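Just below is one structure, and these are the notes that go with it.
Each reported figure results from applying straightforward, stated rules to the coordinates on display, with no laboratory input. Not measured: the values here are computed from a predicted model. Backbone-built Cβ (ideal geometry, glycine too); neighbour counts: all protein chains shown.
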Amino acid sequence: MPRILFSSQEKGGVGKTLIVRALAEAVEGAPIIEIDASHRLLELEARVSFFQMRADREAIERTGGRAARAEFDAVLEALSKATLPTIVDVGANTSVSLFTMLADVAPELAAEFAVCVVVTNEPGAMVETPRLLALAKPWTAARFVVENRLHGNVDPKWLKAKAGDATVSSLEAQSLEDGAEGYLQAGGLAIVDQLNPNKLREAHGIGPGLRIRRDLAKFRLEAMRAVKPAAEWLVG
Ligand SMILES: Nc1ncnc2c1ncn2[C@@H]1O[C@H](COP(=O)(O)OP(=O)(O)OP(=O)(O)O)[C@@H](O)[C@H]1O
Ligand SMILES: [Mg+2]
């Protein structure tokens, strides 16, 4: 049975897509399903199947979840056709309705599921974390939490208590040399190994060019380290 892992968090901007990018680096060739309002994982090209979520939260609530369910039907088809370890990027404000539906449907699908909930030190993300883990528990074989220290450390006592039986790993906030962010925006983590040292040097000078390369390589490696337990589950 193929293994399918959802990168999840209701709160926006916590690093869900970064985690997907790190998993895509760690699990070579794994297909990716992107469920979001707009297509971001452009650099992964044909590996990505994009499913656009148009229904906003207000529409979902007004229709008792019907607006979201209609959009999830295409996602379900894709999940049912998976044959390889598959990584799913679940956009903000989408996990609760998706997981609620999967609780019903997952037993019908010939696949094993796991979730990776990304948590930052922000009230919105912290409130949603135990809720998402609880929603996922009945139909997932494994659960992971990545503490993304983007906004400082999450209280370790809180993390231990709320993560329950999930495997926890942490990612430090990465600081990047001026100019490095642009490469990340353009090509995600996949671009890091393709950067040409001579071109960087020409564009930024020797010192900054070196630091850009070094910072991006460190970012990629640390993100891959943070997703290692989830990546091992995917290919296990
Ligand atoms: N540990 C970190 N250090 C530095 N930058 C980070 C870190 N984690 C994430 N980022 C950056 O923060 C931004 C938001 O991350 P990302 O897009 O992965 O979040 P998201 O949860 O997918 O957002 P959305 O809810 O909009 O889909 C990106 O520019 C990403 O590169
Ligand atoms: Mg995202």
5 angstrom amide H check on ILE4, placed H, neighbours 5+ away: THR86, GLU112, PHE113, ALA114
Lysine pairs in the chain with Cα distance under 24 Å, only those 8 or more apart or on different chains: how many are there? 22
Kirkwood-Stokes translational diffusion coefficient of segment 3-175, alpha-carbon pairs, 10 °C, 1.306 mPa s, µm²/s: 98
For the chain, with the dipole built from +1 on Lys and Arg beta-carbon atoms and -1 on Asp and Glu ones, taken about the Cα centre, which of PHE72, VAL154, GLY29 lies farthest toward the positive end? VAL154
How big is the charge dipole of the chain about its Cα centre, in debye rounded to the nearest 20, if each Lys and Arg gets +1 on its Cβ and each Asp and Glu gets -1 on its Cβ? 400
Mean Kyte-Doolittle of at least -1.0 plus a Cα span of 24 Å or more along the axis: flag which DSSP H helices in the chain meet both, please. 206-226
